[in-house]
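No value in this document is a laboratory result; all are computed from the given coordinates. Remember, predicted model here, so these are calculated numbers, not experimental data. Here Cβ is always computed from backbone atoms with ideal geometry, including for glycine, and neighbour counts include all displayed protein chains.
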Amino acid sequence: MTLLATPPLHAPPTPVSTGHLPDHGTVAAVLADAYQRHVDTTAGTVADYIPALATADPDAFGLALAGVDGHVTAVGHAYETFSIQSVSKAFVYALACETHGHRAVRDLIGVNATGLGFSSVMAIELHDGHPMNPLVNAGALATTALMPGASPVARWLALQNGLAAFAGRPLALDIDVYESEAATNQRNRALAHLLASYGHLDADPEETLDLYTKQCSILVTARDLAVMGATLADGGVNPVTGQQVVHPAVARDTLAVLASAGMYEHSGEWLFEIGLPAKSGVSGAVLSVAPGKGALAAWSPPLDHVGTSVRARRATEHVTRPLGLDIFASAPCTPEAHR
Ligand code: GLN
């Protein structure tokens with residue numbers, strides 16, 4: 001079965017003008033302040049529906065900001081590894097768009113928020129069997145099904161190497177997390193088969209489920225996520241390695257869908273309060289991207305009731321305005337600026 005027949009069709013790149021980050025010293029001071037203010041909070045609970053995640057250190061807290069100039073500022077546990085979980089969905093979507101093109105992926109997956117939780121079955125049923133967007137589990141499974149390759153191993157390597165190009169270094173699989181999730185992911189299995197029953201999954205459901213479970217178990221650090229996000233902020237070019245990982249239009253499309261659905265049923269609230277496209281994951285990471293400027297990765301395992309890291313959310317709130325990251329904020333144009 002092949003649902004995608006059209007070749008990739010990318011919109012021409014559009015010019016961007018979104019200003020600059022403050023100097024490196026200011027960025028470091030603002031990040032250090034955010035860390036100090038939120039390191040002592042005891043709010044939130046470490047995810048345990050994937051048994052291996054329950055062993056995460058609740059005190060771990062790392063922040064990293066990568067600029068489009070390739071400079072990375074890191075604070076706290078920014079070099080400790082954790083499984084990428086749902087943050088992977090953003091990058092697998094970018095890889096799918098790179099391969100299949102804007103129109104085909106939009107028509108097949110969708111770009112609208114569901115207003116429901118990330119593993120909702122009802123969201124599929126309410127929308128005629130459509131996965132809705134690539135950032136909830138159903139849409140992520142449908143996106144993972146689009147990975148190119150002639151065999152399951154080839155598709156896994158395309159995905160793993162694709163994410164590694166975003167990070168600028170090879171990325172390993174956490175076998176314990178993978179096996180733990182594989183043994184307990186009945187709900188994702190149900191989502192994959194439900195999509196397949198509607199003809200909305202472009203590959204075998206069991207193989208897709210396995211590939212998706214592997215993608216969620218890839219090990220990253222907060223620093224890696226910051227560089228991965230900065231690649232989306234930099235027209236698809238990894239600002240550390242200089243590699244063009246995806247087309248500029250793909251980076252743009254990925255950020256647009258992150259803005260609409262990256263924080264699940266709280267995406268509107270997140271955009272309103274923080275003003276940045278972002279993606280959360282149950283291992284405690286939140287990655288926020290400021291187009292043309294850079295990306296902030298915040299990581300700490302304890303989560304709130306929607307599955308967003310409490311410290312990551314608070315630290316992100318703390319730094320957005322002082323660093324001028326909010327994409328909706330503008331200052332009135334002064335008469336001098338017109339001259
Ligand atoms: N692997 C997790 C799952 O499928 C990812 C969820 C998340 O990070 N929000 O449930």
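From Cα pairs below 8 angstrom and at least 6 apart in sequence, can you work out the relative contact order of region 256-339, rounded to a whole percent?
Details: 121 pairs, mean separation 18.9, N = 84.
The normalised contact order for region 256-339 reaches 22 percent.
So what's the gap between the Cα centers of region 25-82 and region 245-280, to the nearest angstrom? Rounded to whole Å, the Cα centres lie 20 Å apart. Gyration tensor over the Cα atoms of the chain: the corresponding equivalent ellipsoid has semi-axes (square roots of 5 times the eigenvalues, largest first) of 30, 24, 18 Å. Highest-first packing order for the peptide set 19-28, 103-112, 86-95 is 86-95, 103-112, 19-28, based on the mean count of other beta carbon atoms within 10 Å. When the inverse distances between all different Cα atoms of region 246-329 are averaged and flipped, the Kirkwood radius reads 12.7 angstrom. Taking the number of Cβ atoms within 10 Å of each Cβ as an exposure proxy, the fewest-first ranking of D48, D326, D174 is D48, D326, D174.
Over region 129-211, what is the mean sequence separation of C-alpha contacts under 8 Å (at least six apart), divided by residue count, expressed as relative contact order in percent? It rounds to 41 percent for region 129-211.
Think of region 210-339 as having a plus end and a minus end, set by charges on the Cβ of Lys, Arg, Asp and Glu; of L276, T320, V257, T320 sits farthest toward the positive end of this dipole. Each peptide among 279-285, 73-79 gets the average number of other Cβ atoms lying within 10 Å of its residues, and from highest to lowest they stand as 279-285, 73-79.
Let me know the Kirkwood hydrodynamic radius for region 170-267, please, with Cα pairs as the basis and the value in Å to one decimal.
Values: mean 1/r = 0.0639 Å⁻¹.
Taking every pair of different Cα atoms in region 170-267, averaging 1/r and inverting gives 15.7 Å.
Sites listed here are GluC sites (Glu not before Pro) in region 247-322 whose DSSP assignment is loop and whose Cβ has at most 14 other Cβ atoms within 10 Å, and the list is empty. The protection proxy used here, the mean number of other Cβ atoms lying within 10 Å of each residue, ranks peptides 240-252, 129-141 as follows, highest first: 129-141, 240-252.
Using the rule -39500 (n - 2.57) for each DSSP H run of four or more residues, divided by the residues of the chain, the 222 nm mean residue ellipticity is -12500 deg cm²/dmol.
For region 19-139, the square roots a ≥ b ≥ c of the C-alpha gyration tensor eigenvalues yield an a/c of 1.5 or more together with a/b not exceeding b/c, which makes the shape oblate.
Filter the GluC sites (Glu not before Pro) in region 32-134 down to the DSSP loop ones having no more than 10 other Cβ atoms within 10 Å, then list what survives. Write out the running numbers ahead of the final one.
Working: sites: E80, E98, E125; in loops: E80.
Answer in residue order: no site qualifies.
For the chain, the relative contact order works out to 27 percent when only alpha carbon pairs closer than 8 Å and six or more residues apart are counted.
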